[in-house]
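Contents: one structure, followed by commentary.
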């Protein structure tokens, strides 16, 4: 039961091309696009056991497994997705994709715009959560999945799960909304804007068209990621891990790396700026800021969720201050008022927002119990 | 899913008070035994609330929708009059905000079912006469480690109801699965109340 060591093994990414124009919330139209995705497990004959994993800000389609045995790291949710794991690939057919605007293979700002032969750059349209869900639904059509046994996501991914339940009620049996929020608070938008400003004001950004300049706004990306990381950890968690530990044992009275936390953040920032696209970062944070399914319904989340027919699992983590438990409880309250079935767990954790990617025991138990219920229901 | 065939006697008494197809909120729902039984046998709908995440997990295993929450802070997740029955089983004596939860129960629900160990039970009185705080099957704690901080007898609970404009619709007093009609406050160890707003 508690075997968390098995893996889906060696996996391969796939791509799907779409040439039906996608009309976006911004009014822009994406004439054609490509989605990069991976699947694990087997779709059953009834096509009832499919699960969609929606990624968060810096995520992608590589959810589980490795491309080669020598890969240092497995997919970003390998600890939760695999044979015998809570999202059990022995029972479910699991789909992960890279969202539009991403930088891991799906059409995004760094892709070539066929109309110009140049990278989209600053001309790539801004994406919203509903736009992504529409694109994901087309991928589902392509894969022959009429109805997801579950749509699952943490953070920005949880917003997509929530949006799915509203936009395609008949196509979602269960929505698992983890460490998420019904909309961002002013403070949350503020953090995003500081990150964006760091990127936009980097001289190497060139208004978003840095590809042609052979430049990368590394400094901006690095700062954005460092800031993000601070908000994904809790004060306690950070204190526990780093405290005031010094790299060299004593003060150096200078501005080089001294404290371990500085070293950690700079390392994370550097690593991130090596592979992540600056325009994608901007776009993802905007999608977060714009998310507000209640907006069209007179700011009444209950009214928006009344359309849903899915059953819900909502989970939050006690030390998560970026997407605090209070925000998850807003979702729960609206679901109860809308007369929906909902399970809510508020998990004790020191891991802050990052906890949704960790394995705190009650979290694993809750996921496992809930997904067992889903599996029994869809006869997976 | 674990099938719940037979209910504990005290939970069965509560279940008998719940109307078929009604909406039920079970506060301090534990492993979800009551709601699981009600969902199966009376086609009820609703939620359990529990403070302990492990109980939320047990509820999910029993097919019950549970919401993790702290009853002491009220029932803010629930709108007025969402439920037909709101159940608080053997928990009120362990709460700090006793009066508040009683009022909240009848804000979110039409009827409340409250059960508690009767402090007036003769064996408790006897132990006090012997110079000790009572310890029994329904009160299995020592004075220094008990979670039970608000003891009451039948008359005390009824007085609290009157104070808050709450009407007692039905009262049952039990002692080891037997209903006690004669001298209930002396002979009964467990009290069951079905209450509603006056008027």
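The values are calculated or read from the model by the stated rules, or taken from the named source; none is laboratory data. Remember, predicted model here, so these are calculated numbers, not experimental data. Cβ placement follows ideal geometry from the backbone for every residue including glycine, while neighbour counts extend to all protein chains displayed.
For the range A:302-313, indicate whether the set of residues that are more than 9 Å from chain B (Cβ to nearest Cβ), surrounded by 22 or more Cβ atoms within 10 Å (Cβ to Cβ) and under 28 Å from residue A:238 (Cβ atoms) is non-empty. Looking through the range A:302-313, none of the residues is more than 9 Å from chain B (Cβ to nearest Cβ), surrounded by 22 or more Cβ atoms within 10 Å (Cβ to Cβ) and under 28 Å from residue A:238 (Cβ atoms). Total residues in the range B:95-130 satisfying the condition of being over 12 Å from the mean Cα position of the chain (by Cα), in contact (Cβ under 8 Å) with a residue 24 or more places away in the chain, more than 18 Å from residue B:70 (Cβ to Cβ) and not in a helix (DSSP H, G or I): the figure is 7. Checking each residue in the range B:77-97 for being within 19 Å of residue A:332 (Cβ to Cβ) and surrounded by fewer than 20 Cβ atoms within 10 Å (Cβ to Cβ) picks out B:79, B:80, B:81. Please verify whether the range A:153-162 includes one or more residues that are surrounded by fewer than 24 Cβ atoms within 10 Å (Cβ to Cβ), under 15 Å from the mean Cα position of the chain (by Cα) and modelled with pLDDT of 95 or more. No - not one qualifying residue is present in the range A:153-162. In a residue-by-residue description of the range A:281-301, the property of being more than 10 Å from chain B (Cβ to nearest Cβ), touching a strand residue (DSSP E or B) at 6+ places or on another chain (Cβ under 8 Å) and surrounded by fewer than 24 Cβ atoms within 10 Å (Cβ to Cβ) applies to no position. When the residues of the range A:321-375 are filtered to those that are under 17 Å from residue A:83 (Cα atoms) and more than 7 Å from chain B (Cβ to nearest Cβ), which remaining residue is surrounded by the fewest Cβ atoms within 10 Å (Cβ to Cβ)? Filtering first and then ranking leaves A:359.
Based on this model, can you work out whether residue B:137 counts as within 14 Å of chain A (Cβ to nearest Cβ), more than 16 Å from the chain's Cα centre (by Cα) and modelled with pLDDT under 95? Steps first, please.
Details: within 14 Å of chain A (Cβ to nearest Cβ): no; more than 16 Å from the chain's Cα centre (by Cα): yes; modelled with pLDDT under 95: yes.
Here the answer is no, as residue B:137 does not meet what is asked.
Applying the condition of being in contact with a helix residue (DSSP H, G or I) (Cβ under 9 Å, 6 or more places away or on another chain) and in a helix (DSSP H, G or I) to the range B:131-162 and asking which residue is surrounded by the fewest Cβ atoms within 10 Å (Cβ to Cβ) yields B:155.
Counting only residues that are more than 19 Å from the chain's Cα centre (by Cα) and surrounded by fewer than 22 Cβ atoms within 10 Å (Cβ to Cβ), how many does the range A:122-137 have? Steps first, please.
We begin by selecting, within the range A:122-137, every residue more than 19 Å from the chain's Cα centre (by Cα); these are A:122-125.
Subsequent filtering for residues that are surrounded by fewer than 22 Cβ atoms within 10 Å (Cβ to Cβ) retains A:122-123, A:125.
Residues that pass the stated criteria total 3.
Would it be correct to say that residue A:192 is buried (at least 16 other Cβ atoms within 10 Å of the Cβ), at pLDDT 95 or above, under 20 Å from the mean Cα position of the chain (by Cα) and over 21 Å from residue A:267 (Cα atoms)? So residue A:192 does not fit the description; no.
Is at least one residue of the range A:255-268 over 30 Å from residue B:68 (Cβ atoms), away from chain B (no Cβ under 14 Å), buried (at least 22 other Cβ atoms within 10 Å of the Cβ) and in contact with a helix residue (DSSP H, G or I) (Cβ under 9 Å, 6 or more places away or on another chain)? Yes - at least one qualifying residue is present in the range A:255-268.
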